[in-house]
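A.B. asks: Could you have a look at this structure, given as structure tokens, before my questions?
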Amino acid sequence: MTKAAATPGDARPARSRDRARRTSTALRPKRYAGQASRRMGRPGGAVRRRGRRLPPMARDSLLPALLLLHIATTRAPRELPVAVTFTAALALPLVGRRRAPVTVFCAVTAAALVQWLLDVQLPADVALPVALCTVAANSGRRGTLVAAAVVEAGALLACLRWATDGAFPALFVAATAVVVAAAVLGVNTRTTRACLAVLEERAARLEREQDQQARLAVAEERTRITREMHDIVTHNLSVMVALTDAAVHAQHRAPDKATAALLQISRTGRQALTDMRRSLGVLRTDEPDAERHPLPGIAQLEALADQMRAAGLPTHVEVQGGHTHIPATAQLTVYRLVQEALTNTLKHTPAGTPARVRIRCSADSVTVDVTDSGPRPPLPAAARAGHGIAGMRARSAAYGGKVRAGPLPGGGWEVRTRLFLGGEAAHA
């Protein structure tokens, strides 16, 4: 993780900015608390909050209660029984309008029809637009149109019977406006509810997709680290084993060569530890090795060849074309492919078998060709089931390449692939 370096001249302004930021942060809760207390002190805000805390059925009971209270306090005693009966018939079904909107609408409509036949005028007729709004909010287009037509017919009948002389047009227009407003309000409620459901579903789906992408990224990173560790451990252990065998054979006849082999073993072990810390450094945020040790690339192939020569595998490296334009990840892939191929040659061929590495770099691709001239004994089942060739294929496939690994017609072994820097998938 890179750290920004501050000059001495910037120290005081930085401290001043930090102090100002801490001061503003410390003051912010008090200001918000004051705003919250002022909002809590407003009577309207308290009433709205209490209304939101009420259950739906309790809120739906407020209108019937108010209508019944109005009738009980404004009607004469001789009109009270009929008025209370019809008000209850019109308003009380609204309590269950959310659970059974169509049934409630039918009950309110039937009560309004009986009221019209008996020529009784009541403020409780407001229950019809409320029931229509509920039907429109919970039914489709056809149900909304049917319910609106029924209420509009009732409004026409009411205006024909109860409108005074010359007041019919204005009264009918007002009643129609109420019907249209109730239907539109219900449709808007239904549309808003559907939009919110879609947004909630989309948010849940995006959250699931993000979780899946995170899990895929973790799995991919684990696979990458596993592949890196396999290449590092297999290569360096193979070199160290070869150097140890050479030191054992030379310890009596050529002590200087044995000492040189032991020193090379020490250097190889330290390099392996460095590579392991660098590969595992991504798992720790405080690990600076990834910054101090850049990833190996094509420029480090010669050092790899020197290491293989010290282990008893004469290796020649030939790089054609410039490689400075090749991304670091692609160069790391080339390095690991060559490292794995040379490690297999070291393990499966007689000592002293020469190996040749040819790298051809172009503007849009890199060709990797590793050959040796030594015979290969039949591989045991455990070796055939290893991860070396599979890891090379996975690395090459990330750049649209395919690995060809097999014997040459004149003897020896070849590993060949081509990495496409532009991402085009093609045959190597």
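The values are calculated or read from the model by the stated rules, or taken from the named source; none is laboratory data. Keep in mind that this is a model prediction, so the values were computed, not measured. Here Cβ is always computed from backbone atoms with ideal geometry, including for glycine, and neighbour counts include all displayed protein chains.
A.B. asks: Just a yes or no: is a residue in the stretch 352-364 farther than 20 Å from L421 by Cα and at pLDDT below 85?
C.D. replies: yes
A.B. asks: Considering only the stretch 365-391, state which residues are under 14 Å from T417 (Cα atoms) and modelled with pLDDT of 85 or more.
C.D. replies: Within the stretch 365-391, S365, V366, T367, V368, D369, V370, T371 qualify.
A.B. asks: Looking at the stretch 316-327, is at least one residue assigned to a helix (DSSP H, G or I), hydrophobic (A, V, I, L, M, F, W, C) and at pLDDT 80 or above? Give the derivation first.
C.D. replies: So the first thing to find is which residues in the stretch 316-327 are assigned to a helix (DSSP H, G or I), and the list is none.
Checked the stretch 316-327: no residue is assigned to a helix (DSSP H, G or I), hydrophobic (A, V, I, L, M, F, W, C) and at pLDDT 80 or above.
A.B. asks: Still on this model: Considering every residue within the stretch 223-244, establish whether at least one is of a type in the set (K, R) and exposed (fewer than 15 other Cβ atoms within 10 Å of the Cβ).
C.D. replies: In the first step, residues of the stretch 223-244 are kept if they are of a type in the set (K, R); the result is 224, 227.
Subset that is exposed (fewer than 15 other Cβ atoms within 10 Å of the Cβ): none.
So far as the stretch 223-244 goes, no, none of its residues is of a type in the set (K, R) and exposed (fewer than 15 other Cβ atoms within 10 Å of the Cβ).
A.B. asks: Right, another one. Select, from V179, V184, V173, V198, the only residue that is under 30 Å from C159 (Cα atoms) and either out of contact with any helix residue (DSSP H, G or I) (no Cβ under 9 Å at 6 or more places or on another chain) or outside any helix (DSSP H, G or I) (or both).
C.D. replies: V173
A.B. asks: Report, by residue number, each residue of the stretch 222-232 that is in contact with a helix residue (DSSP H, G or I) (Cβ under 7 Å, 6 or more places away or on another chain) and not acidic (D, E).
C.D. replies: Answer for the stretch 222-232, where residues must be in contact with a helix residue (DSSP H, G or I) (Cβ under 7 Å, 6 or more places away or on another chain) and not acidic (D, E): I225, R227, M229, H230, I232.
A.B. asks: Which of (1) buried (at least 19 other Cβ atoms within 10 Å of the Cβ); (2) closer than 17 Å to C159 by Cβ is the odd one out, the single condition V126 does not satisfy?
C.D. replies: With respect to (1) buried (at least 19 other Cβ atoms within 10 Å of the Cβ); (2) closer than 17 Å to C159 by Cβ, V126 is out only on (1).
A.B. asks: Still on this structure, I have one more. Does the stretch 203-225 hold any residues that are without any contact (Cβ under 8 Å) to a residue 12 or more places away in the chain and either more than 12 Å from the chain's Cα centre (by Cα) or under 30 Å from L304 (Cα atoms) (or both), and which are they?
C.D. replies: V218, A219, E220, R222, R224
A.B. asks: Would you call T164 in a loop (DSSP other than H, G, I, E, B), out of contact with any Ser or Thr (no Cβ under 9 Å at 6 or more places or on another chain) and β-branched (V, I, T)? First the steps, then the outcome.
C.D. replies: Details: in a loop (DSSP other than H, G, I, E, B): yes; out of contact with any Ser or Thr (no Cβ under 9 Å at 6 or more places or on another chain): yes; β-branched (V, I, T): yes.
When the stated conditions are applied, T164 passes them.
A.B. asks: State which residue is farthest from the chain's Cα centre (by Cα) when the search covers only the stretch 406-418 and only residues that are buried (at least 17 other Cβ atoms within 10 Å of the Cβ) and under 14 Å from A341 (Cβ atoms).
C.D. replies: G412
A.B. asks: Among A147, A83, which is in a helix (DSSP H, G or I), closer than 29 Å to A194 by Cβ and not charged (D, E, K, R)?
C.D. replies: Testing whether each residue is in a helix (DSSP H, G or I), closer than 29 Å to A194 by Cβ and not charged (D, E, K, R) leaves just A147.
A.B. asks: Step by step: first the residues of the stretch 392-428, then only those that are over 22 Å from H230 (Cβ atoms) and among the charged types (D, E, K, R), then the one that is modelled with the highest pLDDT. Which residue is that?
C.D. replies: R418
A.B. asks: Condition first: in contact with a Leu (Cβ under 6 Å, 6 or more places away or on another chain) and modelled with pLDDT of 75 or more. Can you find one or more residues in the stretch 245-257 that meet it?
C.D. replies: So far as the stretch 245-257 goes, yes, one or more of its residues are in contact with a Leu (Cβ under 6 Å, 6 or more places away or on another chain) and modelled with pLDDT of 75 or more.
A.B. asks: Something else now. Regarding A217, is this residue hydrophobic (A, V, I, L, M, F, W, C) and either closer than 30 Å to R141 by Cα or touching a strand residue (DSSP E or B) at 6+ places or on another chain (Cβ under 7 Å) (or both)?
C.D. replies: Considered against the rule, which asks whether it is hydrophobic (A, V, I, L, M, F, W, C) and either closer than 30 Å to R141 by Cα or touching a strand residue (DSSP E or B) at 6+ places or on another chain (Cβ under 7 Å) (or both), A217 comes out as no.
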